[in-house]
Structures are given as C-alpha cells and as structure tokens.
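Visitor: Got a structure here, written out as structure tokens. Questions coming.
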Amino acid sequence: MSKSFRPVDYQKPLPASEIIIKEPPSADSVAFDVVFVGAGPASLGGAIQLAKLIREENEKSGGKLGEINIGVLEKSSEIGGHILSGAVIKPGPFQELFPELKIDELPFSAPVREEKVYFLTEKKAFKIPTPPPMNNHGNYIASLCEVTRWLAKKAEELGVQVFTGFPVKGLLVQDNTVIGVRTTESGLDHDGNQMPSYQPPADVTAKVVVLGEGTRGMLSQAYLEWQGIKSPNPQIFALGVKELWQTKTPLGYVVHSMGWPLKSDEFGGSFMYPLEKNVVAIGLVVGTDYHDANLDPHYLFQKMKTHPLFREVLEGGEMLEWGAKTIPEGGYYSIPERLSGDGLVIIGDSAGFVDVPSLKGVHYSLSSGMDAARTIFAALKKNRFDEETLSEYDKAIRSSFITQDLWKTRNMRLAFKNGLYAGGIKAGLMTLTGGKFPGGMIRMEKDNQAERISSEDSAFVPDGKLTFSKVEGVYKSGNATRDSIPSHLLAVEDVSPEVAKFYANLCPAGVYEVIDGKLRINAPNCIDCKATDILAARWTPREAGSGPRYKKM
Ligand SMILES: Cc1cc2nc3c(=O)[nH]c(=O)nc-3n(C[C@H](O)[C@H](O)[C@H](O)COP(=O)(O)OP(=O)(O)OC[C@H]3O[C@@H](n4cnc5c(N)ncnc54)[C@H](O)[C@@H]3O)c2cc1C
Ligand code: SF4
C-alpha cells in the first residue's frame with residue numbers, strides 16, 4: 001500500500017541562533033581585512049582579483065593602501081578535496097582574471113571538440129539535435145579539483161593566505177554587522193567530551209566576510225534568515241552522483257542524455273565527459289523534488305551505467321573515484337533580493353548562480369567573486385564596509401552577464417515541474433523567445449514540501465565491476481572521517497519506517513539505514529553533498545579533516 005508524506009514535516013529548523021553568534025570575538029582571535037569562506041572557484045577568483053587590485057594600487061600610489069590581509073578558510077584538509085563538478089567550463093572569466101596567460105596555460109584538460117545529446121529509453125539511445133543551451137563549442141573540459149588547486153597556488157603567489165582544515169561553523173556579529181567567523185572545534189569523542197587532541201574553535205575577525213561556501217551554504221542560509229532576505233521563489237536543488245573511470249579506449253566527445261532511467265515526472269539528466277585520454281567523468285543529476293520515495297539517486301546512476309550507451313565506454317575499465325554533490329537549480333527567481341549587508345557578501349553557488357539548462361556555474365562563481373573583489377577594493381579605499389558601500393556588489397551583479405543569462409532561462413527548470421514532455425516543449429519555446437514565453441514566473445515550492453509517495457521497491461544488486469554499492473562508493477571518495485566524532489547531522493530520529501527508507505534511498509553515501517523499521521545514522525560516512533540538509537537531517541560542519549578527499553572530481 002502506498003503512503004505519502006512531506007519531508008518538511010520531519011525536519012529540524014536551521015540552528016540559526018548557533019550560526020549567528022552574538023558574542024564578542026575571543027581574546028586570541030586572528031584579524032584579517034577580508035576573509036573568504038570556502039576555497040571554491042568563487043572565493044579563489046575573488047581573492048585573486050582583490051590581491052591583484054591591491055597590488056596594482058600600491059604600485060601606482062607608492063603603497064598608499066598598505067598591506068591588506070586576505071584569508072581563505074576551507075573545511076577540506078586539502079584544496080579541492082571537497083570539490084566536485086562536471087566539468088565543462090566556459091573560459092571567459094578565467095581569461096579576464098588572467099589576461100597575461102594563453103588559454104593553454106589555464107588549468108583545463110582539453111577543449112570540447114564534439115558533443116552528442118541523446119534521449120534514452122531502457123535499451124535504446126536516440127540522438128537528438130543539441131539544444132542551444134547545451135552547445136559547448138568554445139568550452140573546456142576540466143577537473144574542478146585541479147582548477148581550484150591551481151587557483152589556490154596563484155592566490156598564494158599574490159600573498160593571499162589559504163588555510164585548509166578550517167571548517168567555519170558560525171558568523172560573529174555585532175548588532176547588524178558581520179565582524180568575523182568562528183571555526184569548528186576538533187578532538188571531541190562521540191558523546192562530545194574533549195579528548196587529549198582537543199582543539200578549541202578559532203575566531204577570525206574581518207572587515208568583510210565573503211561567503212563562497214558553495215551549494216546549500218549553511219552560513220548563507222542563516223544570514224538570509226536572520227536578515228529576513230527573501231527571493232521570489234525558494235531555492236530548489238538537484239543531486240549529482242559522479243564517477244571517474246579509467247577506460248580502455250578514449251571517448252572523443254561530450255555526452256548529455258535525458259529520459260531513462262528517470263521517469264517522465266522526474267527532472268534530471270546525465271553527463272559523460274572525456275577528462276583525459278583514457279579517463280571519463282560520468283554522472284547523473286536528479287532534481288530533489290521527485291515524488292517517488294523509493295528513488296535512490298546512487299542506484300539510479302548505477303543502473304544508468306548498464307545502458308548500452310555507457311556500458312560500451314566503461315566496460316573493462318576501472319572506476320577511479322566516486323562522489324556526490326547538490327546543485328542550486330532555481331535560477332533567476334531563486335536569487336536572494338540582497339546579497340550584501342554590513343560586513344558581508346555572498347558569491348557563487350551560495351548565491352544560486354547556476355544555469356541549469358547548460359549545467360554551468362563555475363564561470364559565474366569566478367565572475368561573482370571578481371565582482372565582490374572590485375566592491376571590496378573600493379570599500380577598502382574608502383575604509384567603509386557598511387551595507388550601502390557593499391551593495392555596489394548587488395548592483396554589479398544585476399548589470400552583469402550572470403543576471404542577463406539567468407534572466408533568459410528564468411523559467412526553464414521551473415517548466416519541468418509538471419513533467420519531462422510538457423517541460424521539454426515549454427523549454428523549447430523559452431529558448432526560441434529568449435525566455436519571454438510563457439511570461440511571468442512559474443511558482444515553485446521548496447523541495448522539502450513536495451509530497452513523497454512510498455511503495456514496495458525492488459533492490460538493485462551491484463556487480464562490483466560496472467556497478468557499485470554505496471559502501472564501495474564512499475571508499476572511492478577517499479572519505480577520511482574519524483569514526484568516533486560526534487554526529488554533525490541534526491536529525492528527527494523517531495520517524496516512520498517509510499520516512500527512514502526515504503532517507504536511506506536519498507543519501508548516496510549510505511549514512512541512513514533502516515534496521516528493524518528504525519532509522520540508524522552512520523554520520524562518518526557523510527561526504528557533504530548536502531542533500532540531507534535539503535530533505536532530511538540538517539547538516540553542520542564537522543572537525544577539520546572530515547569528509548571526502550576528492551582528487552580529480
Ligand atoms: C554534478 C555536478 C556537475 C556540474 N557540472 C558543471 C559543469 O560541467 N560546468 C560548470 O560550469 N558547472 C558545473 N557544476 C556547477 C559548479 O560545480 C558550481 O557552480 C561551482 O563549483 C560553484 O563554485 P563555488 O565556489 O560557489 O562553490 P564550490 O565549488 O562548491 O566550493 C565551495 C567550497 O567551500 C567549502 N566550504 C563549504 N562550507 C564551508 C564551511 N562552512 N567552512 C569552510 N569551507 C566550506 C567547500 O568545501 C568547497 O571547497 C556542476 C555541479 C555538480 C554538483
Ligand atoms: S548525510 Fe551527507 S552524504 Fe548523505 S545525503 Fe546528507 S550530506 Fe549527503
């Protein structure tokens with residue numbers, strides 16, 4: 001018998017009062033001028049741009065601006081360790097940031113030479129004309145882990161201090177102003193007691209805090225909630241599960257597909273990119289507003305690889321890496337009405353800058369970081385960091401190509417809320433009319449409000465060669481979390497077996513299990529994809545060194 005429920009009815013609220021810390025910084029706090037949270041393309045692009053502007057200004061004015069301390073705090077123990085993307089990247093903002101470099105000196109592996117788009121049924125693949133947003137001519141294939149490692153080196157060469165193993169757990173505020181951040185403590189046992197290795201949280205103060213914490217940013221959510229900042233539509237998400245494969249023969253083109261194994265009322269699609277000569281990146285992206293509570297994104301992806309289109313490429317090869325991450329999908333109407341405030345700006349995925357029809361966000365991230373840098377540079381010259389001064393960033397974003405692009409595709413993802421076929425036709429008309437059709441805004445609900453229907457499911461049995469279990473996946477993510485740390489997931493644990501099963505299906509890393517109808521949580525398995533924060537237990541940052549250790553995702 002089928003049962004229905006809404007995830008929101010089983011979720012705890014964001015622990016906003018613990019994230020917005022209304023306490024003075026500790027006596028031994030470290031002072032920076034500008035602190036970027038997260039070392040993704042958004043923060044690193046911003047830090048590099050800011051350091052370059054300061055250097056040029058000091059050279060011109062004989063050092064009038066003086067030494068400006070820029071810090072980047074990253075939760076992963078290595079740069080790129082928590083970064084996962086496709087990735088086919090639009091190079092424009094990289095060329096703007098590094099005008100002195102030729103395109104082949106940028107950290108991309110190869111230009112896109114050819115692309116193929118398919119509509120899949122269970123056994124067949126129908127090649128369809130490439131929809132304009134998926135046209136990748138002029139774009140480059142890259143590992144975003146490697147891109148961020150390269151950017152971090154460039155930032156350090158310019159004097160930026162990049163700290164790894166610094167997960168930020170809260171914003172230090174005074175009245176309405178953000179004055180710094182607090183990192184997580186480490187060395188607690190499972191029950192929260194201090195072990196000999198205990199390290200207390202560290203406070204870092206700054207004139208401006210820049211939130212570049214990526215998808216479903218916890219600090220950004222808390223800040224927006226605290227300030228009462230809204231967006232026309234709520235942010236909605238997708239979950240991408242990805243693997244890297246060593247293949248026997250090279251793949252000469254990029255592939256996107258829609259259709260099977262997703263049902264017609266589920267949004268998403270696959271990507272398969274040739275990263276290196278015999279290394280292929282493959283993944284499946286699934287909108288987190290799906291209704292079937294038995295949908296398991298990890299196993300759906302495993303099933304997808306058995307399709308002849310993918311099997312032919314992967315069979316006989318070796319899976320090198322596995323991982324997962326969410327993507328903010330709401331587009332134009334989900335961008336908060338204000339992205340700056342007293343002492344703070346929000347950039348990249350945390351602001352929602354992703355174009356879903358083309359599956360691209362890296363170039364927007366870099367560019368929004370650079371816009372923030374220009375605003376902060378002007379603020380440093382005036383020595384003013386209030387909301388009015390930093391709102392220049394909002395103005396820059398509103399007149400940027402980011403807003404222009406997202407305006408054109410403003411209803412495209414939203415059109416799919418009533419299914420693939422109706423959505424496909426509407427999306428075609430939107431492309432033809434530059435987004436004018438159908439006019440107005442298609443209203444969305446939060447993903448956690450979408451009804452889920454559970455029924456009997458059939459288990460997928462992986463073969464360990466082409467298809468893998470969640471345990472095998474987590475192993476291949478390099479997850480290095482200490483087994484005995486306190487749980488970082490704020491869960492309602494007393495849930496019905498149907499809800500528990502929904503969590504178990506949702507989490508690609510097998511964090512949730514149903515044992516005798518009860519929910520069991522294996523928190524150390526978590527690879528920070530953030531899907532749980534959207535639909536199940538709230539996610540909070542853990543001690544340094546936890547989580548995956550991606551190498552080339
Ligand atoms: C499966 C998938 C495929 C994609 N494919 C493409 C593609 O082909 N092309 C494209 O352009 N875009 C693609 N995207 C989107 C693109 O990856 C993102 O838009 C981009 O990475 C966003 O950059 P960012 O710097 O905002 O965030 P991120 O790249 O997510 O970086 C955020 C960083 O902040 C760190 N962090 C988070 N919280 C904290 C904290 N509290 N304290 C300290 N550090 C923290 C994280 O560990 C991470 O290193 C894809 C995304 C996914 C998931
Ligand atoms: S528990 Fe961790 S790995 Fe599992 S869905 Fe949540 S964030 Fe992703």
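Each reported figure results from applying straightforward, stated rules to the coordinates on display, with no laboratory input. Worth saying up front: this structure is predicted, and the values here are computed from it rather than measured. Glycine gets a Cβ as well: all are built from the backbone with ideal geometry, and neighbour counts include every protein chain shown.
Visitor: Each residue of segment 248-264 in turn: what ³J(HN,Hα) in whole Hz from Karplus with 6.51, -1.76, 1.60 and θ = phi - 60°, glycine and Pro shown as x?
Guide: 3J(HN,Hα) across segment 248-264, in whole Hz: 6, 10, x, 9, x, 8, 8, 10, 10, 9, 10, x, 3, x, 7, 7, 5.
Visitor: Only residues of segment 196-238 count here: report those whose backbone N is under 19 Å from the spot 7 Å along Cα→Cβ of Gln174, or say none.
Guide: Only 202-210 fall inside the zone, counting backbone N under 19 Å.
Visitor: Let me ask something additional. Based on the Cβ-Cβ distance from Ser17 to Thr403, what FRET efficiency comes out when R0 is 45 Å, to the nearest 0.05?
Guide: Numbers: r = 33 Å, r/R0 = 0.73.
The formula returns an efficiency of 0.85 here.
Visitor: Give me the one-decimal nm value for the distance between modelled label points at His137 and Lys116, 7 Å along each residue's Cα-to-Cβ direction.
Guide: Between His137 and Lys116, the label points sit 2.0 nm apart.
Visitor: Sketch the reach of a paramagnetic label on Glu157 as a point 7 Å from Cα along Cα-to-Cβ, and name the residues of segment 64-108 whose backbone nitrogen lies under 17 Å away.
Guide: Backbone N within reach: 94-108.
Visitor: If you take the charge dipole of the chain about its Cα centre, with +1 on Lys and Arg Cβ and -1 on Asp and Glu Cβ, which of Leu432, Gly80, Thr375 is farthest toward its positive end?
Guide: Leu432
Visitor: Let me ask something else about it. Give, in nm to one decimal, the length gained when the segment between Glu472 and Ala378 is fully stretched (0.36 nm per residue of separation minus the Cα-Cα distance). Each step should come with its number before you reach the end.
Guide: Values: separation 94, 0.36 × 94 = 33.84 nm, distance 4.96 nm.
So the extension gain works out to 28.9 nm.
Visitor: Further, regarding this structure: What is the extension gain from Ser4 to Ala31, computed as 0.36 nm multiplied by their sequence separation minus the C-alpha to C-alpha distance, in nm to one decimal?
Guide: Numbers: separation 27, 0.36 × 27 = 9.72 nm, distance 5.11 nm.
Length difference between fully extended and current span is 4.6 nm.
Visitor: Along the positive direction of the dipole of the chain (beta-carbon charges: Lys, Arg +1; Asp, Glu -1; about the Cα centre), which of Gly517, Gly187, Asn139 reaches farthest?
Guide: Looking along the dipole axis, the top candidate is Asn139.
Visitor: Could I ask something else about it? For segment 301-356, which chymotrypsin sites (Phe, Trp or Tyr not before Pro) are both in a DSSP coil and crowded by at most 16 other Cβ atoms within 10 Å? Don't jump to the answer; show the numbers that get you there.
Guide: Working: sites: Phe301, Phe310, Trp322, Tyr332, Tyr333, Phe353; in loops: Phe353.
Passing both the DSSP loop test and the Cβ count: no residue.
Visitor: In the chain, if the dipole is taken from +1 on Lys/Arg beta carbons and -1 on Asp/Glu beta carbons about the Cα centre, which of Thr326, His488, Gly62 is farthest to the positive end?
Guide: Thr326
Visitor: Let me ask you something else. Which percent of Cα-Cα pairs in the chain sits in each 10 Å bin, short to long?
Guide: 4, 19, 30, 28, 15, 4, 0, 0
Visitor: Here's something else I'd like to know. Could you give each residue of segment 290-298 its phi-based ³J(HN,Hα) in whole Hz, using Karplus coefficients 6.51, -1.76, 1.60 with θ = phi - 60°, and x for Gly or Pro?
Guide: Values per residue, Gly and Pro as x: 4, 9, 6, 5, 8, 5, 10, x, 5 Hz.
Visitor: Out of segment 450-490, which GluC sites (Glu not before Pro) are coil in DSSP terms and have no more than 14 other C-beta atoms within 10 Å?
Guide: Answer by residue number: Glu451, Glu456.
Visitor: Here is a follow-up. Quick one: dipole size for the chain, taken about the Cα centre, charges +1 on Lys/Arg Cβ and -1 on Asp/Glu Cβ, in debye to the nearest 20. Before the final figure, lay out each step's value.
Guide: Working: 62 positive and 67 negative charges, 300 e Å.
With only Lys, Arg, Asp and Glu charged at Cβ, the dipole is about 1440 debye.
Visitor: Sort 290-299, 399-408 for me by packing, meaning the mean count of neighbouring Cβ atoms within 10 Å per residue, highest on top.
Guide: On the way: 290-299: 21.1, 399-408: 17.0.
Top to bottom by mean Cβ count within 10 Å: 290-299, 399-408.
Visitor: Further question: What shape does segment 175-329 have by the C-alpha gyration tensor, where a ≥ b ≥ c are the square roots of the eigenvalues, rounded means a/c under 1.5, and otherwise prolate means a/b greater than b/c and oblate the rest?
Guide: Numbers: a/c = 2.35, a/b = 1.70, b/c = 1.38.
In terms of gyration-tensor shape, prolate.
Visitor: Under 1.5 on a/c is rounded, so check that first for segment 1-130, then, if it is not, pick prolate when a/b is larger than b/c and oblate when it is not; a ≥ b ≥ c are the square roots of the alpha carbon gyration tensor eigenvalues.
Guide: Judged from the Cα gyration tensor, segment 1-130 comes out oblate (a/c at least 1.5, b/c at or above a/b).
Visitor: Another one. Can you tell me how segment 58-178 classifies by the Cα gyration tensor, rounded, prolate or oblate, using a/c under 1.5 as the rounded cut?
Guide: Prolate, because a/c is 1.5 or more and a/b exceeds b/c.
Visitor: For segment 207-247, which trypsin sites (Lys or Arg not before Pro) pass both filters: DSSP loop (anything but H, G, I, E, B) and at most 13 other C-beta atoms within 10 Å?
Guide: Counting only loop positions with at most 13 other Cβ atoms within 10 Å, the trypsin sites (Lys or Arg not before Pro) in segment 207-247 are Lys230.
Visitor: With both bridge residues required to lie in the chain, what share of the DSSP beta bridges run antiparallel, to the nearest 5%?
Guide: Bridges in the chain are about 70 percent antiparallel.
Visitor: Over the chain, what is the relative contact order in whole percent, taking alpha-carbon pairs under 8 Å and six or more residues apart?
Guide: Relative contact order comes out at 22 percent.
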